[in-house]
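Participant: Got a structure for you, questions after.
The values are calculated or read from the model by the stated rules, or taken from the named source; none is laboratory data. No experiment lies behind these values; they were computed from the predicted model shown. When we count neighbours, we look across all protein chains shown, and the Cβ atoms used for this are built from the backbone with ideal geometry, even at glycine. Calculation scope for accessible area: heavy atoms of the full protein, side chains included, ligands and nucleic acids excluded. Shrake-Rupley method; radii C 1.70, N 1.55, O 1.52, S 1.80 Å.
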Amino acid sequence: MNIRKLFCGVLCLATLLGCSRDDAAEFEEPISNVPDFRVVGEDIENIYQFNYTASGETGELINLTQENNVALQYLELSQVNDLLTFYSFSAGSFSAVQRNAVTGVNNQLNNFYTVSEERSILWGANSESKLFLGFFSPQGSTNFGVRTIDIATDEVTDINIAFNVNIVFQAIYSNGKLILTYRDNLNSNKVAIINTQTNSLMRTIDFGPATTSIFIDDQGDIVIILSEGDENQEYQLYDFDTLDLKEQQAFLLDRLFAPGPLDASISDTKLFYIYSYSQPSPVLAAPAIYDFVNQENKIIDMIGIARQVEEDLEANIVLSAIAYKKEADVFLVGYGKQDGNILEGGVLIISSKGQLVDNINLPFAPTYIVE
C-alpha cells in the first residue's frame with residue numbers, strides 16, 4: 001500500500017487522541033523477544049529494503065530504486081519464498097523487477113505484457129519461474145482466464161477458468177498451485193485451483209452465497225473461511241496435495257473478512273489476523289487473535305499503543321503493514337511519520353498479549369513486512 005495514500009486518508013492522530021500521558025494505556029513489562037526481520041518501504045524519493053538483526057541491534061539499509069530500478073509508484077509487491085516481485089505499468093505495458101530478499105540477486109522483466117483489445121488484465125501473480133495474469137477475454141466480456149508466461153523461455157499458455165464471471169479477486173500462489181477466488185453472475189462464490197506445472201485446472205469448488213476468504217496455513221494447506229453476512233462463520237481446511245477437506249468448524253466472530261486472499265495465519269488453535277476498524281477511527285487496523293477453542297476474540301489496543309508512540313516521538317504516525325511472527329510470538333506493525341517533507345517511520349514490536357516491546361526507528365516508512 002502506498003504510504004502517502006494512508007496519510008491522505010487518515011485524520012491526524014494527535015487531533016483525535018489529544019490527551020495527556022496520564023490517559024495513556026498502561027502496559028505490563030514486555031516478555032517477548034525482538035525477532036530478526038526484513039521490511040520494504042519508501043520515502044518521498046526511493047523504495048528501500050531494511051534487514052534487521054536483533055542480536056546486534058543492527059540493520060542493513062538497501063536502496064532498491066538505485067540498485068534494482070524499483071519504481072516509486074510500483075503497482076503491487078508479491079512474495080514467493082525469498083523472491084520479491086515488484087510490478088509496474090508504463091506506456092501500455094507491464095514490467096516487473098524481481099529481487100531475492102536474502103541474496104540480493106535481481107532480474108528485470110521489462111514489458112512482459114502489452115495491453116490490447118484482446119483481454120482486460122485483472123491481476124498479476126508469479127512463482128519463481130512463471131508469471132500469471134488473470135484476465136477477461138475479450139475486453140468487456142465475463143470470460144475469466146489465466147495467462148501463464150514462462151520467465152526463461154517467454155512461452156505463453158492461456159487457461160479458461162469460467163464464463164459469466166461477475167467479480168474476480170487476487171490470486172494466491174503456493175508450491176506449484178495457483179488458487180483463484182471469484183463470484184459468478186448468479187452470486188455463487190467459487191475457488192479454482194490450477195496446477196502450474198501442467199498448466200491445468202485441477203478443481204473448482206462452489207460455495208454458493210458464502211463469501212470465501214483464503215490463505216495458506218503454516219503446514220502449507222489451504223484455509224477457507226466462509227461467511228454469509230453475519231457472525232456465524234465456518235473454517236475449512238483442505239489438504240494442499242489432494243484438495244480433500246481435512247477439517248471444518250463453525251465459529252462465531254463479529255468480524256466479516258473480505259473475499260479473496262486473507263492476511264492471516266493459524267497457530268495453536270488460534271487465528272492471527274488484522275482487524276479493520278470502522279471509520280472514522282484514529283487507526284485503520286490492529287492485530288487481532290481469535291481462539292477457536294474458547295471462541296474469544298482479542299483485539300490489540302493499537303489506539304493506546306499509537307498514542308504512547310506519538311507522545312514518545314512527538315510526532316503524528318500512521319500505521320501501515322502488520323504481520324505476526326510465530327517464532328517470537330509478536331506482531332510487527334509498520335508506521336510512518338511526517339517531519340516536514342521527509343517521510344520517516346519505524347517498526348513496532350508488540351507481543352500477543354498487547355505489550356509494546358520495542359520501537360525500531362527507520363529513515364523511511366515500511367509498507368510491507370517480508371515473511
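Participant: In terms of modelled amide H atoms, which long-range or inter-chain residues lie less than 5 Å from the amide H of Leu284?
Facilitator: Under 5 Å from the amide H of Leu284 lie the amide H atoms of Leu319, each far enough along the sequence or on another chain.
Participant: Which of the residue pairs Lys190/Lys326; Lys326/Lys353; Lys246/Lys298; Lys270/Lys353; Lys246/Lys353; Lys325/Lys353 have a Cα-Cα distance greater than 19 Å in the structure shown?
Facilitator: Details: Lys190/Lys326 30 Å; Lys326/Lys353 13 Å; Lys246/Lys298 27 Å; Lys270/Lys353 13 Å; Lys246/Lys353 31 Å; Lys325/Lys353 13 Å.
The pairs that break the limit, which is 19 Å between Cα atoms, are Lys190/Lys326; Lys246/Lys298; Lys246/Lys353.
Participant: When ligands, DNA and RNA are left out and all protein chains stay put, how many square angstrom of accessible area per residue does the chain have with a 1.4 Å probe? Mind dumping the intermediate values first?
Facilitator: Values: 17320 Å² over 371 residues.
That works out to 47 Å² per residue.
Participant: Quickly work out the Asn187-to-Ala250 label distance, labels modelled 7 Å from Cα along the C-beta direction, and quote it in nm with one decimal.
Facilitator: Going by the 7 Å Cα→Cβ label model, 2.2 nm.
Participant: OK, next. Nothing charged except the Cβ atoms of Lys and Arg (+1) and of Asp and Glu (-1): what's the magnitude of the dipole of the chain about its Cα centre? Round to the nearest 20 debye. Please report the intermediate quantities before stating the final value.
Facilitator: Details: 21 positive and 50 negative charges, 209 e Å.
I would put it at about 1000 debye.
Participant: Okay, moving on. Whole angstrom only: what separates the Cα centroid of the stretch 133-173 from the Cα centroid of the stretch 341-371?
Facilitator: 36 Å
Participant: Let me ask something else. Which whole-Hz couplings ³J(HN,Hα) result when phi for each residue of the stretch 349-359 is put into the Karplus expression 6.51 cos²θ - 1.76 cosθ + 1.60, θ = phi - 60°, listed in order with x for Gly and Pro?
Facilitator: In residue order, the calculated couplings are 9, 10, 6, 5, 8, x, 8, 7, 7, 6, 10 Hz.
Participant: Considering only protein heavy atoms and a 1.4 Å probe, what is the carbon-and-sulfur percentage of the accessible area of the chain? If you can, show how the numbers build up before the last one.
Facilitator: Details: 7650 of 17320 Å².
Carbon and sulfur: 44 percent of the exposed surface of the chain.
Participant: Could you work out how much longer the chain between Lys326 and Asn175 gets when fully extended? Use 0.36 nm per residue separation minus the Cα distance between them, nm to one decimal. Don't jump to the answer; show the numbers that get you there.
Facilitator: Details: separation 151, 0.36 × 151 = 54.36 nm, distance 2.08 nm.
Length difference between fully extended and current span is 52.3 nm.
Participant: For Leu75 and Asp263, what does the FRET efficiency come to when R0 = 25 Å and r is the distance between their Cβ atoms, rounded to the nearest 0.05?
Facilitator: On the way: r = 18 Å, r/R0 = 0.72.
Plugging the Cβ-Cβ distance into 1/(1 + (r/R0)^6) gives 0.90.
Participant: Here's a follow-up. For the stretch 291-300, take each phi angle, set θ = phi - 60°, evaluate the Karplus expression 6.51 cos²θ - 1.76 cosθ + 1.60, and give the result in whole Hz per residue in order, putting x for glycine and proline.
Facilitator: 8, 5, 6, 8, 6, 10, 10, 10, 10, 5
Participant: So, in Å, what gap is there between the alpha-carbon centers of the stretch 253-270 and the stretch 27-88?
Facilitator: Distance between centres, Cα-based: 24 Å.
Participant: Now, a different point. Residue by residue through the stretch 37-46, which ³J(HN,Hα) values in whole Hz follow from phi under the Karplus form 6.51 cos²θ - 1.76 cosθ + 1.60 (θ = phi - 60°), with glycine and proline marked x?
Facilitator: Per-residue couplings from phi come out as 7, 10, 9, 10, x, 7, 10, 7, 10, 9 Hz.
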